[in-house]
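These notes are about the structure you will find just below.
The values are calculated or read from the model by the stated rules, or taken from the named source; none is laboratory data. Predicted model, so just to flag it, every value in this text is computed and none were measured. Note that we place each Cβ from the backbone using ideal geometry, even for glycine, and neighbour counts take in every protein chain shown.
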Amino acid sequence: MASDRVGSGDDVRRAHDDHPPFRYPDYKSTMARSPERDMVTVLRTLSERTGPGPAWSAVEDDDADLTTNAGTGGRAIGARIVVTGRVLDAHGAPVPDTLVEIWQANAAGRYTHWRETEYDAPLDPNFLGVGQCHTDADGIYEFLTIRPGPYPWGNHPNAWRPAHVHLSLLGPALGSRLVTQLYFAGDPMLELDPIYCSAPPHSRHRMLAHYDHDVSVENWATGWRFDIVLAGEHATPGERQDD
Amino acid sequence: MGRPRRTRQTPSQTVGPFFGMALGREGDEVLVDDDTPGERIRLEGRLLDGNGDPVEDGLVELWQADASGRYRHPLDDWDPPPSTGDARGFTGFGRCPTAFETGAWAFDTIRPGAVADPAGGMQAPHLNLVVQARGMLDALFTRVYLDDEPANEADRVLQSVPAERRATLVATRQDGDDPPTFVLDLHLQGPDETVFLDV
Ligand SMILES: [Fe+2]
């Protein structure tokens with residue numbers, strides 16, 4: 001009965017059937033890093049119903065223009081894109097003032113990371129590939145960045161990651177924690193990528209950014225729309241645990 | 001009618017090997033400063049895979065109540081300040097990428113206070129961890145209890161875990177350290193697999 005669930009928050013838990021399985025043989029590294037026992041379901045307490053999103057978002061600043069935030073005075077090379085969308089909770093309500101963190105490869109498919117890569121693609125001194133911003137009162141975030149390039153990886157012969165942007169959100173509750181990847185609708189490499197394909201068929205399309213002509217800025221950048229739905233429930237300030 | 005039917009959630013994807021660019025900022029594993037009330041503790045361990053090998057590219061995040069058992073969250077009667085700039089204070093949140101050679105992670109924090117149990121009474125003091133890594137397609141959630149807390153014996157969540165797996169949730173206090181150090185290894189798989197919670 002629905003009434004049994006009121007206050008238990010079961011309807012805002014992380015919905016495992018929307019997410020990839022932990023064990024996914026086509027992505028080899030999952031094999032030793034996936035639990036084999038069942039999770040233990042707990043009655044949600046304040047430890048689960050709260051989360052770091054509000055407090056952490058309050059101490060982080062915006063840094064949403066990845067085309068200039070390397071601070072060199074120069075501009076990053078590549079196709080400029082605006083990426084925007086809404087962050088929603090499990091009931092479809094906007095999550096305002098929440099931090100969205102992103103990282104990505106440059107236009108050539110190279111990360112500014114100390115880890116070595118055998119991929120001989122150039123670094124761009126004017127591109128870090130890291131940014132963060134907050135959603136506004138309607139749950140809307142927006143970045144200006146460079147369309148990332150695809151890059152090879154070692155999972156299987158001739159393996160390539162389709163172009164993607166990594167996103168990290170904390171959201172309203174502990175179980176809202178989401179790290180995902182934004183892909184570009186229409187990319188023919190998606191069906192070949194075990195990481196993209198690890199998500200259930202019914203939910204893969206939720207990782208696609210779509211071209212939106214209303215977001216494009218004339219003579220400046222193409223526009224892409226990407227909405228994000230989190231587990232958990234946004235609580236407006238002043239709502240008490242016993243309301 | 002009750003609440004609207006839930007909206008389908010955006011699927012999780014792995015943090016991959018390069019998350020440190022954005023989520024690996026040095027200092028985020030220290031939750032306290034000189035003004036933070038409460039007993040200082042250090043919580044540390046390793047993140048290990050099913051072969052017992054260190055996970056060299058994992059991310060452990062910590063979420064905990066303050067010394068009086070309060071979370072910095074609107075549901076615990078706390079409103080985010082307009083802007084705190086560099087004056088972070090205690091947020092209750094920390095982040096630590098695992099060390100490349102050893103899979104080790106550590107937090108400098110305070111002993112959390114007890115938080116109410118909606119089923120009645122108080123829960124034993126505990127810290128909440130979120131674990132991610134390259135090779136993990138979704139985040140895992142667990143709790144850490146401290147082995148010197150008598151309230152563990154009556155904690156509903158801890159006691160609901162099968163006795164033979166309970167130790168995977170309890171960090172062990174080391175002798176002689178000041179501030180006290182509590183140690184707990186996290187096992188993603190295998191005979192000592194950590195108990196993960198559906199939150
Ligand atoms: Fe990537």
Residues satisfying the stated conditions in the range A:158-172, i.e. over 16 Å from the mean Cα position of the chain (by Cα) and more than 12 Å from the ligand (Cβ to nearest atom): A:N158, A:A159
Yes/no for A:V83 being away from the ligand (no atom under 16 Å from the Cβ), more than 15 Å from A:T236 (Cβ to Cβ) and in a strand (DSSP E or B): no
Odd one out for A:D17, checked against (1) surrounded by fewer than 18 Cβ atoms within 10 Å (Cβ to Cβ); (2) part of a loop (DSSP other than H, G, I, E, B): (2)
From B:L197, B:L146, residue being at the interface with another protein chain (Cβ under 7 Å from one of its Cβ atoms) and among the hydrophobic types (A, V, I, L, M, F, W, C): B:L197
Every residue from the range A:94-114 that is part of a loop (DSSP other than H, G, I, E, B) and within 16 Å of the ligand (Cβ to nearest atom): A:A105, A:N106, A:A107, A:A108, A:G109, A:R110, A:Y111, A:T112, A:H113, A:W114
Every pair of residues 6+ apart whose Cβ atoms lie under 6 Å, when the first sits in the range A:41-62 and is without any contact (Cβ under 8 Å) to a residue 40 or more places away in the chain while the second is part of a strand (DSSP E or B): A:T41/B:D198; A:V42/B:L197
Qualifying residue in the range B:55-72 (condition: away from chain A (no Cβ under 11 Å) and either more than 13 Å from the chain's Cα centre (by Cα) or closer than 18 Å to A:P172 by Cα (or both)): yes
Residue that is of a type outside the set (A, V, I, L, M, F, W, C), part of a loop (DSSP other than H, G, I, E, B) and at the interface with chain B (Cβ under 7 Å from one of its Cβ atoms), where the choices are A:R33, A:R75: A:R33
Number of the condition not met by A:T236 [criteria: (1) more than 13 Å from every other protein chain (Cβ to nearest Cβ); (2) of a type in the set (S, T, Y); (3) part of a loop (DSSP other than H, G, I, E, B)]: (1)
Count - residues of the range A:92-114 that are farther than 21 Å from B:L23 by Cα, within 12 Å of chain B (Cβ to nearest Cβ) and out of contact with any Ser or Thr (no Cβ under 7 Å at 6 or more places or on another chain): 2
A:T117 being within 16 Å of the ligand (Cβ to nearest atom), β-branched (V, I, T) and either more than 9 Å from chain B (Cβ to nearest Cβ) or in a loop (DSSP other than H, G, I, E, B) (or both): yes
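Being surrounded by 20 or more Cβ atoms within 10 Å (Cβ to Cβ) and over 14 Å from B:N128 (Cβ atoms) is the filter here; which residues of the range B:49-74 pass it?
Going residue by residue through the range B:49-74, those that are surrounded by 20 or more Cβ atoms within 10 Å (Cβ to Cβ) are B:49, B:55, B:57-66, B:71-74.
Selection gives B:D49, B:V55, B:D57, B:G58, B:L59, B:P74.
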The one condition in (1) within 21 Å of the chain's Cα centre (by Cα); (2) within 30 Å of A:P194 (Cβ to Cβ); (3) facing chain B (nearest Cβ under 7 Å); (4) of a type in the set (A, V, I, L, M) that A:M39 fails to fulfil: (1)
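Results for (1) touching a helix residue (DSSP H, G or I) at 6+ places or on another chain (Cβ under 9 Å); (2) at pLDDT 95 or above; (3) within 22 Å of B:M136 (Cα to Cα); (4) away from the ligand (no atom under 16 Å from the Cβ), shown as yes or no for each residue.
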site: B:G16; (1), (2), (3), (4): yes, yes, yes, no
site: B:E29; (1), (2), (3), (4): no, yes, yes, yes
site: B:G38; (1), (2), (3), (4): no, yes, no, yes
site: B:N51; (1), (2), (3), (4): no, yes, yes, yes
site: B:P54; (1), (2), (3), (4): no, yes, yes, yes
site: B:A87; (1), (2), (3), (4): yes, no, no, yes
Residues being within 11 Å of another protein chain (Cβ to nearest Cβ), under 15 Å from the mean Cα position of the chain (by Cα) and away from the ligand (no atom under 13 Å from the Cβ) - total across the range A:173-203: 6
Test: residue in the range B:18-26 that is outside any loop (DSSP other than H, G, I, E, B), more than 9 Å from chain A (Cβ to nearest Cβ), touching a Gly at 6+ places or on another chain (Cβ under 9 Å) and more than 30 Å from A:V12 (Cα to Cα): no
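Determine whether the range A:134-157 contains at least one residue that is assigned to a helix (DSSP H, G or I) and away from the ligand (no atom under 14 Å from the Cβ). Reasoning before the result, please.
Going through the range A:134-157, the residues assigned to a helix (DSSP H, G or I) turn out to be none.
Within the range A:134-157, none of the residues are assigned to a helix (DSSP H, G or I) and away from the ligand (no atom under 14 Å from the Cβ).
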